[in-house]
Amino acid sequence: MEKVNKILQDRRFQEYVEKNLIAEKQRKFCNHNFDHLLSVARIAYILVLEQGLEPDISRETVYASGLLHDIGRWKEYETGKDHALLSAELSREILEEAGFERKNIAGIIRAIKEHRGTEKNKEKERSLLGDILRRADILSRPCWDCTAEEDCYKFDRMPTNQGLWY
C-alpha cells in the first residue's frame, strides 16, 4: 500500500492530525485522532470485503478515505464549516502527491464529503464508498462504553434496530 504509506508520511496529514489532537484536548466525547482514522479505515475495508466489493473498491482507496475523512475537524472548530467538506478540501493535494489517479481522487473526495450524511446527497444518492465510510465511522465508536453517553447526540443514532450494527 505504497500510496497509503505516502499519506501517512505526508507532513500535512501529520499536521492536521496533530491539530485535531490540540483542538479536542478538552473534548469529553470521542476524538478524531489517528486511532479513530485508522479504525474507520480498517472497518471500512472489512465492510468492502464482506460485501465482495474488492477489487472494484481497492484496499488503498478504502484506507485513503478512512485516514482522510476527519482531517479537517480542527478547522470546523475554528470556522464552523462542516468538517466533511473541509476534510475533502484538505485531502485533494495529499491524494495527488500520494499518486492516486484523478478518477480515484474524485471518488475518495466524494466519499469524504458524504460520510456524515449531511451532503445534499441523501441515502439513495450517496456513493457506495460514501455509504461504507459513513457506516464504518459509526461502527468505530464504542458508545456502549462511553462516560459521555447521556450528553452525546450520536448515541441516539447507534441502536441495532436502525440497521447500523451487524
**OP:** Please find, among Lys25, Lys113, the residue that is touching a helix residue (DSSP H, G or I) at 6+ places or on another chain (Cβ under 9 Å) and without any contact (Cβ under 8 Å) to a residue 40 or more places away in the chain.
**Re:** Lys113
Subject >> From the options Glu89, Glu93, Glu76, residue that is among the acidic types (Asp, Glu), in contact with a helix residue (DSSP H, G or I) (Cβ under 8 Å, 6 or more places away or on another chain), over 16 Å from Arg135 (Cα atoms) and modelled with pLDDT of 95 or more >> reply: Glu93
**OP:** Of all residues in region 22-43, count the ones that are touching a His at 6+ places or on another chain (Cβ under 9 Å) and in a helix (DSSP H, G or I).
**Re:** 4
Original post:
Would it be correct to say that Thr61 is surrounded by fewer than 17 Cβ atoms within 10 Å (Cβ to Cβ) and touching a helix residue (DSSP H, G or I) at 6+ places or on another chain (Cβ under 9 Å)?
Top reply: no
Original post:
Give me the pairs: first residue in region 61-88 and in contact (Cβ under 8 Å) with a residue 60 or more places away in the chain, second residue of a type in the set (Phe, Trp, Tyr) and crowded, with 21+ Cβ neighbours inside 10 Å, beta-carbon distance under 6 Å, and six or more apart or on different chains, which are they?
Top reply: Val62/Tyr45
Subject >> Lys19 vs. criteria more than 20 Å from Ile138 (Cα to Cα), without any contact (Cβ under 8 Å) to a residue 24 or more places away in the chain and under 17 Å from the mean Cα position of the chain (by Cα) >> reply: no
**OP:** Check whether at least one residue in region 118-130 is surrounded by fewer than 22 Cβ atoms within 10 Å (Cβ to Cβ), modelled with pLDDT of 95 or more, touching a helix residue (DSSP H, G or I) at 6+ places or on another chain (Cβ under 8 Å) and part of a helix (DSSP H, G or I), and report yes or no.
**Re:** no
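The values are calculated or read from the model by the stated rules, or taken from the named source; none is laboratory data. In this text the structure is predicted, and so the values were computed from the model without any measurement. Ideal geometry is used to build each Cβ from the backbone, glycine not excepted, and the neighbour counts take in all protein chains shown.
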